[in-house]
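S.K.: Can you keep this structure in mind? I'll have questions shortly.
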Amino acid sequence: MPPIRLSGAAVAITGGARGIGLATARAFAAKGSRVFIGDLDADLADAAAAEIGGHGLGLDVRSRESFAAFLDAVDAAGSPLAILVNNAGIMPAGAFVGEDDAVTDAILDINTRGVLTGTKLALPGMLARGRGHVVNVSSYLGKVPAAGLATYCASKHAVVGFSEALRDELAGSGVTVSVVLPCAVRTELTAGVKLGGMLPTVNPEDIARAVVAACAHRRAVVAVPGWMRVYETAAATVPDRLVAAVRGRLTRKRVLRTLDADARSGYESRVRKAAEGA
C-alpha cells in the first residue's frame, strides 16, 4: 500500500486542542498538511489552529450531527479528507463500583462510540475515492489491565478490536486503518496517576510521530515505544499463573493505591462537567 502524500493532504484530528492531539496537529502541519482540529472546547480549538495555520472547530464526538458537521467543514474547505485521526478520549480514575453512570457512559461514548461514529462518517468518501487512512489512538491499557481504570481499559480494548477487524474488512479498497497504542503519556489525562512500573512513560510528541509515520507505512498496529509488542508475545506464551503473579506484584491496584486526587482534581472536574452535560 503506497504512503499517503502528506503535503496538502486534509487531516482531521479529534480532541486536537490539547495533549496528543495538539502534538499530532503540529506534526502534520510541519509536513505541509491542511490540518483541521476538532475539540469540545471550540475556543481552544481555534487558538490551537491559529498557532499552526490550521482550522479549528467545535466538536462533540458523542454527537453524530456534530461529527458530520466537522467532516463537512473539511470537504467544504476544498480538499477531500485524506486522514482521520480519532484521538479524543477521557480517562477518569477510581474504583469501578463507585463510578457514576454518567461517567461510565461518557467514557464509552467518547473513547469508543466516537471512534465508530467518526469512522463510519468518513469512510463513504474515502471508499468512493479509493484512498484514505484512519488512525485510531487507543492505549496499551487496552491490552494491559489496570485496576482503577476498568471502564477506560474496556473502551480502549474495544478500539483495538474494532480497528483490526475493520482493517480486514477494508482490505483491497485503498483505505487502511492503523491503531496506535501509546503507553503512559505525559499529559493532563494521566495527572496524578502513577503508571510507572506498569508502562513506560512517553511524551505526546512521541505519539504524534507514530501517528504521522503510520500514514507512510500504514501498518495495522503501532506501539509506542515499539518494543512493547514483546509484552503481547510474553503474555500469550507465559503460563497464566506467572502472568498473574507478576501483575499482582507490579501492577495490581497500583493506580488505586497511588492515585493523587489533588493532582487530578482539575482534570476530573472538567471530565465530570462534560459527562453531566452530555
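The values are calculated or read from the model by the stated rules, or taken from the named source; none is laboratory data. Only a predicted model underlies this, so the values are computations on that prediction, with no experimental measurement involved. Ideal geometry is used to build each Cβ from the backbone, glycine not excepted, and the neighbour counts take in all protein chains shown. Surface accessibility is based on the protein's heavy atoms, side chains included, excluding ligands, DNA and RNA. Shrake-Rupley method; radii C 1.70, N 1.55, O 1.52, S 1.80 Å.
S.K.: Return the residue satisfying two criteria in turn: it lies in segment 1-21 and is more than 16 Å from Asp41 (Cα to Cα) and not small (Gly, Ala, Ser), and of such residues it is surrounded by the most Cβ atoms within 10 Å (Cβ to Cβ).
M.R.: In this case the residue turns out to be Val11.
S.K.: Only one of Ser173, Ser155 is modelled with pLDDT of 95 or more, outside any helix (DSSP H, G or I), closer than 30 Å to Ala73 by Cβ and among the hydroxyl-bearing types (Ser, Thr, Tyr). Can you tell me which? It would help to see each step written out before you state the result.
M.R.: Values: Ser155 fails: outside any helix (DSSP H, G or I).
Exactly one residue qualifies, and that residue is Ser173.
S.K.: Being outside any helix (DSSP H, G or I) and over 22 Å from Asp109 (Cα atoms) is the filter here; which residues of segment 25-55 pass it? Spell out the reasoning first.
M.R.: We begin by selecting, within segment 25-55, every residue outside any helix (DSSP H, G or I); these are 31-41, 53-55.
Residues satisfying the conditions are Lys31, Gly32, Ser33, Arg34, Val35, Gly53, Gly54, His55.
S.K.: Would you mention how many residues in segment 56-106 are over 26 Å from Arg218 (Cβ atoms), open to solvent by 30 Å² or more (accessible area, probe 1.4 Å), touching a Phe, Trp or Tyr at 6+ places or on another chain (Cβ under 9 Å) and assigned to a loop (DSSP other than H, G, I, E, B)?
M.R.: Of the residues in that region, 1 qualify.
S.K.: Now a separate question. Would you check if Ala146 is open to solvent by less than 40 Å² (accessible area, probe 1.4 Å) and either part of a loop (DSSP other than H, G, I, E, B) or at pLDDT below 95 (or both)? So that I can check it myself, show each step before the final result.
M.R.: Working: open to solvent by less than 40 Å² (accessible area, probe 1.4 Å): yes; either part of a loop (DSSP other than H, G, I, E, B) or at pLDDT below 95 (or both): yes.
Here the answer is yes, as Ala146 does meet what is asked.
S.K.: Anything in segment 111-130 that is more than 16 Å from Val160 (Cβ to Cβ) and either touching a residue at least 40 places away in the same chain (Cβ under 8 Å) or not hydrophobic (A, V, I, L, M, F, W, C) (or both)? List them, or say none. Walk me through how you get there before you give the answer.
M.R.: Looking only at segment 111-130, we keep the residues that are more than 16 Å from Val160 (Cβ to Cβ), and these are 117-118, 120-130.
Answer for segment 111-130, where residues must be more than 16 Å from Val160 (Cβ to Cβ) and either touching a residue at least 40 places away in the same chain (Cβ under 8 Å) or not hydrophobic (A, V, I, L, M, F, W, C) (or both): Thr117, Gly118, Lys120, Leu121, Ala122, Leu123, Pro124, Gly125, Met126, Leu127, Arg129, Gly130.
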